[in-house]
1. Has the stretch 158-165 got any residue that is assigned to a strand (DSSP E or B), of a type in the set (A, V, I, L, M) and open to solvent by less than 10 Å² (accessible area, probe 1.4 Å)?
2. For V255, work out the one condition from (1) within 21 Å of A14 (Cα to Cα); (2) among the aliphatic types (A, V, I, L, M); (3) open to solvent by 50 Å² or more (accessible area, probe 1.4 Å) it doesn't fulfil.
3. Can you spot a residue in the stretch 74-95 that is out of contact with any Gly (no Cβ under 9 Å at 6 or more places or on another chain), open to solvent by less than 10 Å² (accessible area, probe 1.4 Å) and over 21 Å from E137 (Cβ atoms)?
4. Looking for whichever is in contact (Cβ under 8 Å) with a residue 40 or more places away in the chain and either open to solvent by 50 Å² or more (accessible area, probe 1.4 Å) or touching a helix residue (DSSP H, G or I) at 6+ places or on another chain (Cβ under 9 Å) (or both) here; the options are R109, R136. Which one fits?
5. With of a type outside the set (V, I, T) and open to solvent by 30 Å² or more (accessible area, probe 1.4 Å) as the only criterion, which of G217, G224, G260, G236 stands out?
6. Does the stretch 309-341 hold any residues that are hydrophobic (A, V, I, L, M, F, W, C), over 27 Å from D83 (Cα atoms) and without any contact (Cβ under 8 Å) to a residue 40 or more places away in the chain, and which are they?
7. Of the residues that make up the stretch 290-312, is at least one part of a loop (DSSP other than H, G, I, E, B) and β-branched (V, I, T)?
8. From Y209, Y299, grab the single residue that is closer than 28 Å to G355 by Cα, at pLDDT 95 or above and of a type in the set (F, W, Y).
Amino acid sequence: MKYIDGFRSLDAAAPLRQSLAELGAHVTARRGPVRLMEVCGSHTMAIARFGIRDFLPEGVELVSGPGCPVCVTEPGFLDAAIDLAHRGVIVATFGDLLRVPGSRSDLARTRAAGGWIEVCQSPHRARELARDHPDREVVFLAVGFETTIAPIAAMLAGARRDGLDTLSLLTAFKLIPPVLAALAADPDLRIDGLLCPAHVSAIIGPETYGFLAADHGIACVVAGFEPLDILYGLEGLLRQLVDEAPRVDNQYSRVVKPGGNPRAQALMAACLEPVTAAWRGLGPIPGSGLGLRPELARYDAARRHGLTVRAGEVHPQCRCGAILKGLLSPDQCGLFGRTCHPEHPLGPCMVSQEGSCAAHFRYGRRSRQP
């Protein structure tokens, strides 16, 4: 508890709030309103839970980006998974995909109707299912950013060693650097600083974001998830903007190391290669996903089962796409808190525990004092 309490100290937060106020006044006087973005679902939830936005000075806005892998997965991927379940395939998935809407249904309702949908705490559960049920096809829904991709790659390597030929992956892997490049180049957005994702950075290394500072003039700070971690990260972003010296600062060095995790990177490179990936709200982005290498085609569920994963259909009034780009806040969606809420989610941002709408519904509507 001492460790946690040390990063939640109100005494330590008070001077940080003063520093944010001074830096914010300085930078907004010179360049006008400042727009910062976090691109990690864990940051999104922590920022809402601890009322971090209450610490921001006037003229400094903090918006949520596409940092939730479940939220950026298009409904057509869920349609394909539901199709597999109707064919009698064992579909293994992380729990946060269960209630994400497809075009017409979701995995939870498919399971209630008799489909074998197995919720996994770890991707290695899919390997166990294939071993325990050799007479059934098992498909693991391989969704996630770099943090999740590495353990899934390790699971696949283990399945290959075990000769588990009934196991395959339906992939919707997403990579953070290419989507950040797309956001930086988007004429509809103006991002001055990025609070970079901590877990992803532990895999790929903080240096990966250097192009954002060098090519786009965007300040970058890698920060942890405790309140003081985030406040120090925001202070670092404003200080870079005041100094007019955009760079990548690693303020989470107790976890994120230079070069990232070479072993995890090697695991991914051994079985995956870059592909164009479709992002909800952002469309297809070249090189922003990972797919199985051609020599591993027999583990590709789409090829194995003759599936074509399409974009699918979203609720016509759901604004998750604009929210994921930071163009809207959750309460600017007409469905938010009315017909769309955690018990009846109409979009993925309300389903996932890392989704912007879920975070805002749970914490953002309270009257808070820093």
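1. No, the stretch 158-165 has no match at all.
2. Of (1) within 21 Å of A14 (Cα to Cα); (2) among the aliphatic types (A, V, I, L, M); (3) open to solvent by 50 Å² or more (accessible area, probe 1.4 Å), only one is false for V255: (1).
3. Among the residues of the stretch 74-95, not one is out of contact with any Gly (no Cβ under 9 Å at 6 or more places or on another chain), open to solvent by less than 10 Å² (accessible area, probe 1.4 Å) and over 21 Å from E137 (Cβ atoms), which makes the answer no.
4. Only one candidate passes the filter, namely R136.
5. Working: G224 fails: open to solvent by 30 Å² or more (accessible area, probe 1.4 Å); G260 fails: open to solvent by 30 Å² or more (accessible area, probe 1.4 Å); G236 fails: open to solvent by 30 Å² or more (accessible area, probe 1.4 Å).
Going through G217, G224, G260, G236 in turn, just one is of a type outside the set (V, I, T) and open to solvent by 30 Å² or more (accessible area, probe 1.4 Å): G217.
6. Listed by number, the residues that qualify are L328, C333, L335, F336.
7. To start, the set of residues in the stretch 290-312 that are part of a loop (DSSP other than H, G, I, E, B) comprises 293, 305-312.
Remaining after also requiring β-branched (V, I, T): 308-309.
Yes: the stretch 290-312 contains one or more residues that are part of a loop (DSSP other than H, G, I, E, B) and β-branched (V, I, T).
8. Y209
The values are calculated or read from the model by the stated rules, or taken from the named source; none is laboratory data. In this text the structure is predicted, and so the values were computed from the model without any measurement. Virtual Cβ from ideal backbone geometry, glycine too; neighbours counted across all protein chains shown. SASA here: full protein model, heavy atoms, side chains in, ligands and nucleic acids out. Shrake-Rupley method; radii C 1.70, N 1.55, O 1.52, S 1.80 Å.
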